[in-house]
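FYI, it's all coordinate maths here, none of it is from the lab. Note that the structure is a prediction, hence the values are computed from the model and not measured. When we count neighbours, we look across all protein chains shown, and the Cβ atoms used for this are built from the backbone with ideal geometry, even at glycine.
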Amino acid sequence: MKPGMQLIDLADTPGEEPDFLAQLHGVCNTLGLEYASYASANPISGKIHAFTTYPDAWKDHYMAQSLHLVDPTLRAAARSIAPVDWRRLEHDNSFRDVFGPARDFNLPDTGLTIPVRGPMGDIGLFSVTATVAPDAWRRLTGPIMGQLQTAAVHLHDTVMHSDALTRILRQPHLSTREQEVLQWVAAGKSQQDIGDILSISSRTVEVHLRSAREKLCTLTTAQAVGRAVSLGLIQPR
């Protein structure tokens, strides 16, 4: 995780309709796991939104010490496309900084983190753990790996579509020029007109339109204008 990234407890975010903790507890109860956590990393805002079934004492310690900045389970999974078994993590200083105190809280060090990537560059990290021996852990997770991966995707999609994170993670960052071009399109101007108004070539106008369409996840300029209006990025005309 990048230095300075802020950790926000999603379970305490007001206005959230989905009961995220209930979903985590449901996974644990159904699949015979002890604890589960979810974190979504936003590369734009520099924030990590997370929630966990871990005891409050550990959660408070974790946040107070900003352990998310060094947590090897998050760092390794954020770079991976496959599930990361904690037993394969390098036992370096970061590992000791997190798992040393965790042992003091009587928390297990046997776990798994599953990365999920979304279309907007968002990354979800779903972690599960249990107090079992390594062999028992492999026997436990082997048959349920498919269910864990399905749960990870479902949880990530639920979080991404929640009201709070829709505003934070799904808000495209358009450049000032891209907004200007879309605003003139909304006013009924042609690409040539826009080029003349902004003193740029019509080809450059098309470059900005293409970039705006990609950022807004739309296929046509008309769709891009509509989404930009609905998001409040430009004003309707």
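For the range 25-80, the Cα gyration tensor yields ellipsoid semi-axes of 21, 15, 11 Å (square root of five times each eigenvalue, largest first, whole Å). Using alpha carbons only, the radius of gyration of the range 173-230 set against its Kirkwood radius gives Rg/Rh = 0.92. Close amide H partners of Ala36, meaning residues 5 or more places away or on another chain with modelled amide H under 5 Å apart, are Thr53, Tyr54.
Here the 3J(HN,Hα) profile of the range 109-114, calculated from phi with Karplus coefficients 6.51, -1.76 and 1.60 at θ = phi - 60°, is 10, 9, x, 8, 10, 10 Hz, Gly and Pro shown as x. Amide H contacts of Phe105: none lie under 5 Å away among residues 5 or more positions distant or on a separate chain (H built 1.01 Å from N in the peptide plane; Pro and chain starts excluded). Amide H contacts under 5 Å for Gly111: Trp86, Arg87, restricted to partners 5 or more places along the chain or on a different chain, H placed in the peptide plane at 1.01 Å from N. Around Asp104, with a cut-off of 13 angstrom between Cβ atoms, what is the net charge of the other residues, counting Lys and Arg +1 and Asp and Glu -1? Overall, the nearby charge balance is 0. Given R0 = 25 Å, the distance between the Cβ atoms of Thr158 and Ala82 translates into a calculated FRET efficiency of 0.65. Pairwise alpha-carbon distances in the range 61-103 exceed 13 Å for 52% of all pairs. Karplus-based coupling profile of the range 204-214, in residue order and whole Hz: 5, 4, 5, 4, 5, 5, 4, 4, 5, 4, 5, with θ = phi - 60° in 6.51 cos²θ - 1.76 cosθ + 1.60 and x standing for Gly or Pro. Taking all Cα pairs closer than 8 Å and separated by 6 or more residues, the relative contact order of the range 173-230 comes to 35 percent.
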